[in-house]
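A.B. asks: Before I ask anything, here is the structure I am working with.
The values are calculated or read from the model by the stated rules, or taken from the named source; none is laboratory data. Owing to the predicted nature of the structure, the values given are computational and were not obtained by experimental measurement. Neighbour counts are summed over all protein chains in view; Cβ atoms, including those assigned to glycine, are modelled from backbone coordinates with ideal geometry.
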Amino acid sequence: MFVGLALARRLEMAHAWRSVKYARAQLVWQPETHSTVKAVAGGFAVFAGDGSPLNRAVGLGLHGPITQADLEQVQEFYHSRNAAPRIDLCPLADPSLLDLLNQNGYRLEHFFNVLARPLSDGDVALSMPAAVRITQAAPEEAELWIHTTAQGFTGKENPPQADLDILAPNLRSADATCFFAWVNNQPAGGGAMFIQEGVAELGGASTRPAFRRRGVQMALLQARLAAARKSGCDLAVSMTEPGSNSQRNLARVGFRLAYTKTSMVKS
């Protein structure tokens with residue numbers, strides 16, 4: 001799979017729209033967060049409440065050059081909300097974006113690996129772990145899904161409220177589907193899928209500590225890929241820490257590195 005500008009644009013914009021839909025759901029669920037979105041320079045600046053990890057601009061520079069005025073719009077958007085300006089820099093973005101970031105005092109904060117794979121009806125699914133059962137989370141199971149995935153991410157039986165609040169909008173976002181993994185009829189983990197124009201982003205997945213190393217994540221990956229194909233998607237994408245267990249699991253189901261992007265923050 002050759003990753004040129006057209007494909008990078010699809011992948012980045014799918015992730016950008018995931019953040020937009022999250023912020024919109026967050027505003028309805030918790031209006032006191034004042035979550036909002038601004039379209040700028042071909043992408044979106046997203047604010048999802050104080051301290052949210054989604055407070056960043058995504059998709060900039062993929063539709064043409066960026067100007068100083070564009071960057072100042074992003075900066076004002078975050079400064080007016082007492083948040084540091086953060087910008088996801090895709091390596092296929094127009095070179096003007098990197099030039100402006102250098103000129104305006106941005107520094108590299110974090111790396112993300114973007115992994116992708118094509119989807120087709122002819123894909124051969126790997127065998128599912130026999131002990132793991134996957135179901136789609138129903139509306140009445142919202143609190144259970146949030147609590148289960150938060151337990152997986154934090155490793156705590158009673159996760160902090162802040163972690164529960166971060167996960168909650170995933171269930172309420174447009175075009176999102178959440179899944180449970182069950183072991184011995186107990187919720188063992190969960191994951192989510194977000195669809196935008198034929199691209200399915202897989203994210204929000206974790207396993208409760210007591211159920212790790214039993215194939216829970218592999219089962220969640222297989223189920224979400226099957227659901228993405230059924231929904232008519234032709235691409236799947238996910239973002240991971242470089243060299244992480246998540247990247248290794250994704251490689252086992254056919255994902256390959258599309259590119260590494262960076263999070264840039266203004267000093």
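A.B. asks: List pairs: first in region 101-115 and hydrophobic (A, V, I, L, M, F, W, C), second surrounded by fewer than 15 Cβ atoms within 10 Å (Cβ to Cβ) and in a strand (DSSP E or B), Cβ under 6 Å, 6+ apart or cross-chain?
C.D. replies: Listed pairs, sorted by first residue: PHE111/THR260.
A.B. asks: With at pLDDT below 95, in contact with a helix residue (DSSP H, G or I) (Cβ under 9 Å, 6 or more places away or on another chain) and aliphatic (A, V, I, L, M) as the only criterion, which of ILE146, ILE134, ILE166 stands out?
C.D. replies: One residue alone meets the criteria, ILE166.
A.B. asks: Evaluate the following for VAL199: is it among the aliphatic types (A, V, I, L, M) and either more than 25 Å from PRO242 (Cα to Cα) or out of contact with any Cys (no Cβ under 7 Å at 6 or more places or on another chain) (or both)? First the steps, then the outcome.
C.D. replies: Numbers: among the aliphatic types (A, V, I, L, M): yes; either more than 25 Å from PRO242 (Cα to Cα) or out of contact with any Cys (no Cβ under 7 Å at 6 or more places or on another chain) (or both): no.
For VAL199, the condition - among the aliphatic types (A, V, I, L, M) and either more than 25 Å from PRO242 (Cα to Cα) or out of contact with any Cys (no Cβ under 7 Å at 6 or more places or on another chain) (or both) - is not met.
A.B. asks: Would you mention how many residues in region 7-38 are of a type outside the set (D, E, K, R) and in contact with a helix residue (DSSP H, G or I) (Cβ under 9 Å, 6 or more places away or on another chain)? I'd like the intermediate steps shown before the answer.
C.D. replies: Within region 7-38, the first condition is being of a type outside the set (D, E, K, R), and the residues that meet it are 7-8, 11, 13-17, 19-20, 22-23, 25-31, 33-37.
If we keep only those that are in contact with a helix residue (DSSP H, G or I) (Cβ under 9 Å, 6 or more places away or on another chain) as well, we get 22-23, 25-30, 33-37.
Count: 13.
A.B. asks: Taking the condition of being outside any helix (DSSP H, G or I) and free of Cβ contacts under 8 Å to residues at least 24 places away in the same chain, how many residues in region 1-35 meet it?
C.D. replies: Within region 1-35, residues that are outside any helix (DSSP H, G or I) and free of Cβ contacts under 8 Å to residues at least 24 places away in the same chain number 2.
A.B. asks: May I ask you to list the residues in region 79-107 that are over 16 Å from ARG56 (Cα atoms) and charged (D, E, K, R)?
C.D. replies: Across region 79-107, the qualifying residues are ASP94, ASP99.
A.B. asks: Hand me the list of strands (runs of 3 or more DSSP E) wholly inside region 99-195 holding 1 or more residues that are of a type in the set (Asp, Glu) and closer than 29 Å to LYS266 by Cβ.
C.D. replies: In region 99-195, 106-118 are the strands (runs of 3 or more DSSP E) which contain 1 or more residues that are of a type in the set (Asp, Glu) and closer than 29 Å to LYS266 by Cβ.
A.B. asks: Only one of these is in contact (Cβ under 8 Å) with a residue 12 or more places away in the chain and buried (at least 20 other Cβ atoms within 10 Å of the Cβ): GLY191, GLY254. Name it.
C.D. replies: Details: GLY254 fails: buried (at least 20 other Cβ atoms within 10 Å of the Cβ).
Exactly one of GLY191, GLY254 is in contact (Cβ under 8 Å) with a residue 12 or more places away in the chain and buried (at least 20 other Cβ atoms within 10 Å of the Cβ), namely GLY191.
A.B. asks: Can you tell me which residues in region 210-240 are buried (at least 17 other Cβ atoms within 10 Å of the Cβ) and of a type outside the set (A, V, I, L, M, F, W, C)?
C.D. replies: ARG214, GLY215, GLN217, GLN222, ARG224, ARG229, SER238, THR240, listed by residue number.
A.B. asks: From the list GLY203, GLY243, which one is surrounded by fewer than 23 Cβ atoms within 10 Å (Cβ to Cβ), of a type in the set (Gly, Ala, Ser) and on the phi < 0 side of the Ramachandran plot?
C.D. replies: The conditions single out GLY203.
A.B. asks: To continue, here is another question. Residues ARG81, ARG172, ARG107, ARG117: which one is at pLDDT 95 or above, surrounded by fewer than 20 Cβ atoms within 10 Å (Cβ to Cβ) and within 19 Å of GLY203 (Cα to Cα)?
C.D. replies: On the way: ARG81 fails: within 19 Å of GLY203 (Cα to Cα); ARG172 fails: at pLDDT 95 or above; ARG107 fails: within 19 Å of GLY203 (Cα to Cα).
Within the list ARG81, ARG172, ARG107, ARG117, the selection yields ARG117.
A.B. asks: Applying the selection to region 177-205, what residues are of a type in the set (A, V, I, L, M) and modelled with pLDDT under 95?
C.D. replies: Across region 177-205, the qualifying residue is only ALA205.
A.B. asks: For GLY49, all conditions in the list (1) within 18 Å of LEU171 (Cα to Cα); (2) modelled with pLDDT of 95 or more; (3) assigned to a loop (DSSP other than H, G, I, E, B) hold save one; what is the number of the exception?
C.D. replies: (2)
A.B. asks: Continuing with the same structure: Touching a Leu at 6+ places or on another chain (Cβ under 8 Å) and either closer than 19 Å to ALA174 by Cα or outside the structural domain of ASP94 (by TED's automatic domain parsing) (or both) - does that describe any residue in region 53-69?
C.D. replies: no
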